[in-house]
Structure formats: structure tokens, C-alpha cells
Amino acid sequence: MSIPTADEVRELIRARVRDPELMMNIVDLGLIYDVEITDEPSAEVTMTLTSPGCPAGPEIISSTQREVHTAFPDLAEVNIHLTWTPFWNPDMMSDEAKDEFGIF
């Protein structure tokens, strides 16, 4: 049985889950707020979207859950917790993402 660390889950999301409109991974976009691995073991991913009406939201959420569960089948569950606090803004993006979008 191979249970991933929170960092391993975050890196998997960085490598495999992109915002289909912005074509950037959701970790560097700043959409992943927290990843926890519980004793069950399950992955608890707290995330947000760029806006409450984000048309790609359902796809991003389901892709995150599917990719984590596929990569780490020993997890009993992969739970996505969507939050709007704090509300996402471009300052949450990584330096690499800001460079890509020309935000200084």
C-alpha cells in the first residue's frame, strides 16, 4: 500500500490538472489552497476557482478528483472542498504563472 504525502498530491495536480481556458496548471494559478492526507487514508483538497461562475469549474473539480484517485489508488477517497474564502485573485498565482500572463 502506497499512501502519498500532501506534497506528492500537490505535485501530481500541478503536473496533470490544467484550467482548460487559461491552459495553466491549477497549482501555479493559485487555486489549490491546501492538501491533507488523513488516516483513512483520504486526500482532502481545499481549492477555489477564479470566480463563482467559472464555466470550467465542474471540469476542473472532477479532473482534480479523478487524477488524484487514478494516480493514488490506495487512497480510500479524494474529497474536494470548494471554498471562496479567501476569494481568488491574481496575486495568488506563482511567479511563473504571473510571468506567463505578464502580471508584475
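Listing for the model above:
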item: Residue in region 82-96 that is modelled with pLDDT of 95 or more, outside any loop (DSSP other than H, G, I, E, B) and in contact with a strand residue (DSSP E or B) (Cβ under 6 Å, 6 or more places away or on another chain) present; result: no
item: Residue in region 61-80 that is part of a loop (DSSP other than H, G, I, E, B), more than 19 Å from residue 11 (Cβ to Cβ) and free of Cβ contacts under 8 Å to residues at least 12 places away in the same chain present; result: no
item: Pairs with Cβ under 8 Å, 6+ apart, first in region 42-55 and farther than 11 Å from residue 84 by Cβ and in contact (Cβ under 8 Å) with a residue 12 or more places away in the chain, second assigned to a strand (DSSP E or B) and polar (S, T, N, Q); result: 42/79; 43/79; 44/79; 45/79
item: Residue match in region 2-17 (condition: in a strand (DSSP E or B) and of a type outside the set (Gly, Ala, Ser)); result: no
item: Residue that is farthest from residue 4 (Cα to Cα), among those in region 49-100 that are among the aromatic types (Phe, Trp, Tyr) and exposed (fewer than 13 other Cβ atoms within 10 Å of the Cβ); result: 87
item: The one condition in (1) surrounded by fewer than 16 Cβ atoms within 10 Å (Cβ to Cβ); (2) within 20 Å of residue 100 (Cα to Cα); (3) of a type outside the set (Phe, Trp, Tyr); (4) in contact with a Phe, Trp or Tyr (Cβ under 9 Å, 6 or more places away or on another chain) that residue 2 fails to fulfil; result: (2)
item: Region 11-33 - residue that is surrounded by fewer than 14 Cβ atoms within 10 Å (Cβ to Cβ) and either touching a residue at least 24 places away in the same chain (Cβ under 8 Å) or in contact with a helix residue (DSSP H, G or I) (Cβ under 6 Å, 6 or more places away or on another chain) (or both) and, of those, nearest to residue 79 (Cα to Cα); result: 20
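The values are calculated or read from the model by the stated rules, or taken from the named source; none is laboratory data. Fair warning: this is a prediction, and the values are worked out from it, not measured in the lab. With ideal geometry, Cβ positions are generated from the backbone for all residues, glycine too; neighbour counts draw on all protein chains shown.
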